[in-house]
Amino acid sequence: MTKTDFDRFAQDYEVLLGKQTRLFDADQGYFARYKVELMKERTTIDVQTILDFGCGIGRSTKYLRAAFPFAQIVGCDPSRESLTIARNRNPDCLFTDLDQIAPIPRFDLIIASCVFHHIQPPERQNTLRYCLERLKVNGRLFVFEHNPFNPVTRFLVNTCLFDADAVLMTRRETTKLLRSAGFEVEARAYCLFFPRSLARFRALEKSLGWLPLGGQYFVTGARSDHTQTEGLRHRMSK
């Protein structure tokens with residue numbers, strides 16, 4: 001299996017994504033807006049800094065700006081073509097390579113939206129530790145992923161050009177990974193149940209988070225004082 005080169009898809013990303021998602025909702029912004037609004041509802045801390053991990057072309061940025069108008073927003077991604085587009089669209093935000101962000105706890109929130117299924121399984125825990133090292137004490141990581149139990153999701157992933165390298169993760173696997181990396185898991189739920197044709201039922205989604213039929217799911221991990229202490233011990237033991 002070859003790793004997807006997102007530089008190849010950066011210019012046409014939105015067109016390709018629209019073809020994949022139009023059956024669920026013709027509004028391409030729906031998915032990014034949905035996730036940011038969910039984050040906003042579940043965030044009680046004062047948010048000064050946000051990291052959009054695997055930001056791509058910056059599709060979530062304007063919704064992050066609307067939800068957290070006074071926060072500094074940083075996006076990182078391995079695709080330089082995608083970062084160029086993100087910078088042009090969002091000049092008030094910072095977009096950079098992953099290795100340009102120092103491993104110090106500076107972010108209150110980190111969002112990783114449909115990123116980890118592009119990361120090969122042996123690399124996922126180290127990637128989560130990358131996020132943990134950059135998260136403030138009491139900060140939160142929101143991981144959104146495709147639900148492999150949903151047949152429509154599996155079909156869309158299997159027919160998507162830029163998902164050629166995808167290895168889907170169950171909610172249970174993602175939860176276990178976060179805990180193994182040192183996060184305290186606070187919440188996990190399935191989401192994105194109803195297409196636009198059934199939009200009148202979307203208000204019910206918050207009560208259906210237990211049902212493994214949503215198109216995606218999220219897991220929220222927190223960094224606590226205990227996490228910070230354990231991380232220091234781990235570094236000192238090396």
Exercise for review: Determine if the range 73-82 includes at least one residue that is of a type in the set (Val, Ile, Thr) and either in contact (Cβ under 8 Å) with a residue 60 or more places away in the chain or touching a Pro at 6+ places or on another chain (Cβ under 6 Å) (or both).
Suggested key: no
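To keep it simple, each residue is scored yes or no on (1) out of contact with any Gly (no Cβ under 8 Å at 6 or more places or on another chain); (2) surrounded by fewer than 18 Cβ atoms within 10 Å (Cβ to Cβ); (3) assigned to a helix (DSSP H, G or I).
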{"residue": "Leu109", "(1), (2), (3)": "no, no, no"}
{"residue": "Leu132", "(1), (2), (3)": "no, no, yes"}
{"residue": "Arg140", "(1), (2), (3)": "no, no, no"}
{"residue": "Pro148", "(1), (2), (3)": "yes, no, no"}
{"residue": "Val152", "(1), (2), (3)": "no, yes, yes"}
{"residue": "Leu156", "(1), (2), (3)": "yes, no, yes"}
Revision key, fill the gap. Pairs returned, first residue in the range 210-230 that is at pLDDT below 95 and loosely packed, with under 14 Cβ neighbours inside 10 Å, second residue that is hydrophobic (A, V, I, L, M, F, W, C) and assigned to a strand (DSSP E or B), beta-carbon separation under 7 angstrom, 6 or more apart or interchain, are Asp225/Val137
Point to revise | Answer from Leu128, Leu141, Leu178, Leu156 - the residue that is among the hydrophobic types (A, V, I, L, M, F, W, C), in contact with a Cys (Cβ under 6 Å, 6 or more places away or on another chain) and in contact (Cβ under 8 Å) with a residue 40 or more places away in the chain | key: Leu141
Point to revise | Per-region count, the range 111-129, residues surrounded by fewer than 17 Cβ atoms within 10 Å (Cβ to Cβ) and within 18 Å of Gly56 (Cβ to Cβ) | key: 0
Review point. Under the condition of being assigned to a helix (DSSP H, G or I) and among the basic types (Lys, Arg), which residue from the range 33-80 is surrounded by the most Cβ atoms within 10 Å (Cβ to Cβ)?
Key: Lys35
Exercise for review: Could you please let me know if Lys176 is under 17 Å from Ala222 (Cβ atoms) and assigned to a helix (DSSP H, G or I)?
Suggested key: yes
Point to revise | Long-range neighbours under 7 Å by Cβ, at least six apart or interchain, first residue within 17 Å of Leu132 (Cα to Cα) and in contact (Cβ under 8 Å) with a residue 24 or more places away in the chain within the range 39-53, second crowded, with 20+ Cβ neighbours inside 10 Å and among the small types (Gly, Ala, Ser) | key: Asp52/Ser60; Asp52/Gly75; Phe53/Ala112
Review point. Does the range 57-79 include one or more residues that are within 24 Å of Ala166 (Cβ to Cβ), more than 15 Å from the chain's Cα centre (by Cα) and either modelled with pLDDT under 95 or of a type outside the set (Val, Ile, Thr) (or both)?
Key: yes
Practice item. Pull up the range 189-198, narrow it to residues that are among the aliphatic types (A, V, I, L, M) and at negative phi, then point me to the one that is surrounded by the most Cβ atoms within 10 Å (Cβ to Cβ). Key: Ala189
Practice item. Determine, yes or no, whether Glu145 is modelled with pLDDT of 95 or more, closer than 16 Å to Leu177 by Cβ and over 16 Å from the mean Cα position of the chain (by Cα). Key: no
Review point. So which residues in the range 131-171 are within 21 Å of Asp108 (Cα to Cα) and not aliphatic (A, V, I, L, M)?
Key: Cys131, Glu133, Arg134, Lys136, Asn138, Gly139, Arg140, Phe142, Phe144, Glu145
Review point. How many residues are buried (at least 19 other Cβ atoms within 10 Å of the Cβ) and more than 19 Å from Tyr130 (Cα to Cα) if we restrict to the range 170-188?
Key: 1
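The values are calculated or read from the model by the stated rules, or taken from the named source; none is laboratory data. If you're wondering where the values come from, they're calculated on a predicted model, not measured in any experiment. Cβ sites come from the backbone with ideal geometry, for glycine too, and all protein chains shown count toward neighbours.
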